[in-house]
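Inspection log for the structure reproduced underneath, given as structure tokens.
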Amino acid sequence: MLQQTQVVRVTGYWTRFLECFPTLEHLAAASPQRVREAWDGLGYYRRAENLRRAAGEMVTHHGGEVPREPAVLRSLPGIGAYTAGAVASFAYELPEPAIDTNVARVLRRAFHPRLRRGAAGERKLWDTAKTLVPRAGNAAWTTNQALMELGALVCTARVMHCTICPVRGACRTGMNRRSTG
């Protein structure tokens, strides 16, 4: 539900959705129409169908459990690199990066301000994120969450709040802004 949708918008839907589908088995057995109705109002309806299909695969091929391994997660319908990293990091405390739009912006500004968009640029961001994520327990979770919050609240798309940024001293864009005024 949180793919391309803010938490504040999802909050009311989450509880209602879980009441309809309390387990992966319930979601997997539901009709596409019933899942869409429970999702109604969130938009991006393809996500609801992918979630239902992924639940079916988890029930059929993974013993009704959400897989831990990012590569296995990525094989499920609707799960890309960001979602796989987020699930592995937040649910299982594995040392995996989770690069959403906000994190990508922070990494670009802090480490690669001239990085071009495209496959090579994305690979560079993932490589950078992998070096930043601590290898132990909930430190990976905390780092991913901190990067997301930094991008959502401080290093925003419209305004860079460099004067209050906690990483300004190590940020290439922040250092350049300081030297240019």
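Looking at the range 69-86, can you tell me whether even one residue there is more than 28 Å from Arg46 (Cβ to Cβ) and open to solvent by less than 50 Å² (accessible area, probe 1.4 Å)?
Initially, the range 69-86 is screened for residues more than 28 Å from Arg46 (Cβ to Cβ), giving none.
Scanning the range 69-86 turns up no residue that is more than 28 Å from Arg46 (Cβ to Cβ) and open to solvent by less than 50 Å² (accessible area, probe 1.4 Å).
Please identify the pairs in which a residue from the range 33-47 that is in contact (Cβ under 8 Å) with a residue 12 or more places away in the chain has its Cβ atom under 7 Å from the Cβ atom of a residue that is hydroxyl-bearing (Ser, Thr, Tyr) and loosely packed, with under 14 Cβ neighbours inside 10 Å, counting only partners at least 6 apart or on another chain.
Arg36/Tyr45; Trp39/Tyr45
Could you list all residues from the range 146-160 that are in a helix (DSSP H, G or I) and either open to solvent by 40 Å² or more (accessible area, probe 1.4 Å) or acidic (Asp, Glu) (or both)?
Filtering the range 146-160 down to residues in a helix (DSSP H, G or I) leaves 146-154.
Scanning the range 146-160 gives Ala146, Glu149, Ala152, Leu153.
When residues of the range 38-60 are filtered for being outside any loop (DSSP other than H, G, I, E, B) and surrounded by 13 or more Cβ atoms within 10 Å (Cβ to Cβ), how many remain? If you could, list the steps in order and put the result at the bottom.
Narrowing the range 38-60 to residues outside any loop (DSSP other than H, G, I, E, B): 38-39, 45-60.
With the extra rule that they be surrounded by 13 or more Cβ atoms within 10 Å (Cβ to Cβ), the set shrinks to 38-39, 45, 47-59.
Final tally of qualifying residues: 16.
Give Ala98, Ala84 a once-over and let me know the one that is under 30 Å from Thr60 (Cα atoms), in contact with a helix residue (DSSP H, G or I) (Cβ under 6 Å, 6 or more places away or on another chain) and outside any loop (DSSP other than H, G, I, E, B).
Ala84
Just one of Thr173, Thr143, Thr163, Thr128 is open to solvent by less than 70 Å² (accessible area, probe 1.4 Å), assigned to a helix (DSSP H, G or I) and free of Cβ contacts under 8 Å to residues at least 12 places away in the same chain; which is it? Working first, answer last.
Details: Thr173 fails: free of Cβ contacts under 8 Å to residues at least 12 places away in the same chain; Thr163 fails: open to solvent by less than 70 Å² (accessible area, probe 1.4 Å); Thr128 fails: free of Cβ contacts under 8 Å to residues at least 12 places away in the same chain.
Testing whether each residue is open to solvent by less than 70 Å² (accessible area, probe 1.4 Å), assigned to a helix (DSSP H, G or I) and free of Cβ contacts under 8 Å to residues at least 12 places away in the same chain leaves just Thr143.
The values are calculated or read from the model by the stated rules, or taken from the named source; none is laboratory data. Owing to the predicted nature of the structure, the values given are computational and were not obtained by experimental measurement. Don't worry about glycine lacking a Cβ; one is built from the backbone with ideal geometry, like all the others, and counts go over all protein chains shown. Only protein heavy atoms, including side chains, enter the accessible area calculation; ligands, DNA and RNA are left aside. Shrake-Rupley method; radii C 1.70, N 1.55, O 1.52, S 1.80 Å.
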